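Questions regarding the structure given below will be posed in turn.
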Amino acid sequence: MSLFNKKKHSSRESKKSNIKSKAIFVGGILFGIIPFMFIVYLLLGPLVEVIQKDFSSQKMMVISEELNIRSDKMKNSYVIGSYPYGTEVNVYEVFDNDWAEVSIEEKKGFMSFEYLVLPETFYIIDGMYGNENAKEMISSTKYRKAISTYLTNNNFTSKIPITEREKLYGKDDRKEVWQIFAESRKSRFNTFCYGDYNGDKKNDAAFIITNIKTGNRKLIVLNIETEITEKYGELITFKDLEEDYKFIRHVSDRTKMIINDSLQRTGVDAILLGTNRDKSLKDIPELIIYNGKIFDFYLQEKKEE
């Protein structure tokens, strides 16, 4: 073999050796990296999923007076915490059985979705209370949500923090603020009551709302039909109130009142419009009753029984 051929053969062998070495090196790296990456995935995968969940979560707020967080999405599952009205909650997923997967600070679990609302809804609800009595009177979640739905749909606004108001209505907002001011629970008349006021065999809400700038007051009666979204918070009737001392109370269907100048049972739930003040005002209560088509008004000229 010539010297040239020997060098050529040696060069080929050297190239093969280099290629083989590189292949072994690359293979070593790959076989080293793959197990390493797998171990990293096992260790960090759950953390990455949690971070992704946190970024995709929706902030909501508790509107019941107290709401439990449970270990599973069942009513009889273990309670791992309890949180008051106004608590901020991170919601990750909502399930068909009306439970939400949530986290609050370090706790993770499940809450009833019925008692959670978006922040803008919470501020409308919280701002509609003119005093603590009103908050105590309107304690049921379904009434709170229905009233806020009515206010929103009818261009009313409640007393919302300025920063939140700007988010909802813009910086140039000129909407007048309306609130509900209630008497103590012991009062014979108040600014909120509920009953079947439209004859559909389901409870409705009646409340008096006040314009805090002008002092104007309105009696609002709303449909509380939770099974039909379109009717939830729908207006049944309203009445402008001229006197600032007028209040309302519930009248059951068995109560005897003055109707068409005679004392008789109402037959249906009704609302009595009257006063909490001293009888020297000579206030004559007025009965508001649904006749199947519209609302009739009857002054109670005689003493009610």
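So what's the gap between the Cα centers of segment 146-179 and segment 108-123, to the nearest angstrom?
20
Starting from the Cα-Cα distance between residue 214 and residue 65, subtract it from 0.36 nm times their residue separation and give me the gain in nm to one decimal.
Here the segment from residue 214 to residue 65 would lengthen by 50.5 nm.
Report the net charge of residues surrounding residue 95, where surrounding means a beta-carbon distance below 13 angstrom and charges are Lys +1, Arg +1, Asp -1, Glu -1.
-4
Tell me the trypsin sites (Lys or Arg not before Pro) within segment 126-186 that lie in a loop according to DSSP and have at most 15 other beta-carbon atoms within 10 Å.
Of the trypsin sites (Lys or Arg not before Pro), the ones in loops of segment 126-186 whose Cβ has at most 15 other Cβ atoms within 10 Å are 171, 174, 175, 185, 186.
Sort 287, 118 by Cβ crowding within 10 Å, fewest neighbours at the top.
Fewest-to-most Cβ neighbours within 10 Å comes out as 118, 287.
Quick one: order 187, 56 by neighbouring beta-carbon count within 10 Å, fewest to most. Don't skip to the end; give the middle numbers.
Working: 187 14, 56 10.
The order, fewest Cβ neighbours first, is 56, 187.
So how much slack lies between residue 159 and residue 107, counting 0.36 nm per residue of separation and subtracting their Cα-Cα distance, in nm?
15.5 nm
Normalising by the residue count of segment 207-305, find the relative contact order in percent from Cα pairs under 8 Å and 6+ residues apart.
RCO, segment 207-305: 19 percent.
Nothing charged except the Cβ atoms of Lys and Arg (+1) and of Asp and Glu (-1): what's the magnitude of the dipole of segment 119-299 about its Cα centre? Round to the nearest 20 debye.
380
Taking the number of other C-beta atoms within 10 Å as the exposure measure, put 289, 125 in order starting with the fewest.
Lowest to highest Cβ neighbour count: 289, 125.
Report the paramagnetic label zone for residue 176: residues of segment 133-149 whose backbone N is under 19 Å from a point 7 Å from Cα along the Cα-to-Cβ axis.
Those under the cut-off are none; the list is empty.
Read-outs throughout are calculated quantities, based only on the coordinates presented, and are distinct from any laboratory measurement. Since we're looking at a predicted model, the values are computed, not measured. Don't worry about glycine lacking a Cβ; one is built from the backbone with ideal geometry, like all the others, and counts go over all protein chains shown.
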